[in-house]
Amino acid sequence: MNWRKWLDEFVLAGKGILMVTRERKFWVGFIISFLFFGLLMNLLSSGLTKFELMFAVGFSGAMKILGDAFLAIFGVNMIFMEWLPIFLLSFLQGVLIGLIVFLWQKKREENSANVEKAGIITGLIALGAGCPTCGTTLLTPLLGTIFSTGSLVAAGVISTVVTVLAIVIAILSLKRLGVETYAIIVNEKYLARRKKNAKSA
C-alpha cells in the first residue's frame with residue numbers, strides 16, 4: 001500500500017470537509033442526522049427498556065425520557081466513557097449524511113435533465129458510504145437480549161468492538177466522500193474563475 005498516497009487522500013478529504021462546512025445543504029443533513037442518531041443510540045443504550053418504559057408511563061413520562069435522551073447527546077447526566085463513543089458515532093454519521101446531501105445536490109444540478117439518474121447515483125453513494133451508526137444502533141438491543149445478566153461483560157466487550165469498528169468504517173467512508181467533495185468544490189471554483197476571466201477578457 002502506498003502510505004503517502006493514502007495520507008494525502010486523508011488531507012484532501014479533510015480540506016473537502018472544511019470547505020463544505022460553508023454550504024447550507026451540508027448543515028441541514030448534518031444537524032438532522034446527528035440529532036436523530038444521537039437520540040436513537042441513547043434510547044437503545046440499555047436495549048429496548050426505554051422504549052418499553054415510554055409505553056408504560058404515558059405521554060408526559062415518554063416526553064421526559066425523550067428529553068433526557070436528547071440531553072444525553074451532549075453529555076448531560078452521562079458518564080464520559082459511555083457518552084464519548086455515542087457522540088463520536090453520531091457526529092461522524094452526521095458528517096457523512098451532510099456530505100451525501102451536498103453531493104446529491106451537486107449531482108442533481110449536473111444531471112438536471114435526468115433527476116432520476118441523479119437519485120440513483122446518490123443512492124449508490126449512500127450504500128457505498130454505509131451507515132456504521134445503524135449497525136451499532138441495531139446491535140445494542142440485540143446484545144442486551146442475547147446475553148443474560150451473567151454475561152454482561154461479554155456483551156460489553158462485543159459492543160465495544162462493534163463501536164470501534166463502526167468508527168473506523170465511518171472515518172474511511174469520510175475519506176472517500178471528503179475527497180469527492182474536495183474535487184467538486186475545487187472544480188467549481190476553477191470553472192467560476194475561468195468564466196470570470198473570459199468575461200473580463
Restricting to lysines and to Cα separations under 20 Å from Lys5, and discarding same-chain partners fewer than 8 apart, the set is Lys15, Lys175
Taking the highest mean first, how do the peptides 62-72, 93-103, 48-58 order by number of other beta carbon atoms within 10 angstrom per residue? 93-103, 62-72, 48-58
Paramagnetic reach from Leu71 (point 7 Å along Cα→Cβ, amide N under 20 Å) across region 15-48: 35-46
Reach of Lys199 by Cα under 23 Å, taken over lysines that are not fewer than 8 positions away in the same chain: Lys189
Within straight-line cross-link reach of Lys196, aspartates and glutamates at Cα separation under 13 Å, skipping those fewer than 8 residues along the same chain: Glu188
Determine the order of Trp3, Trp27, Trp104 by accessible area, beginning with the largest, at a probe radius of 1.4 Å. Trp3, Trp27, Trp104
May I ask you to compute the full-extension gain from Phe10 to Ala56, defined as 0.36 nm times their residue separation minus their alpha-carbon distance, rounded to one decimal in nm? 11.8 nm
Can you pull the one-decimal nm distance between simple spin-label points at Arg193 and Ile32, each 7 Å off the Cα toward Cβ? 3.4 nm
Run the simple label-point estimate for Thr49 and Lys64 please: 7 Å along Cα→C-beta, distance reported in nm. 1.7 nm
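The values are calculated or read from the model by the stated rules, or taken from the named source; none is laboratory data. This is a predicted model, so every value here is computed, not measured. Using ideal geometry, Cβ is built from the backbone for each residue, glycine included, and neighbour counts are taken over all protein chains shown. Ligands, DNA and RNA are stripped out before the accessible areas are found, and what is left, the full protein with its side chains, is counted by its heavy atoms. Shrake-Rupley method; radii C 1.70, N 1.55, O 1.52, S 1.80 Å.
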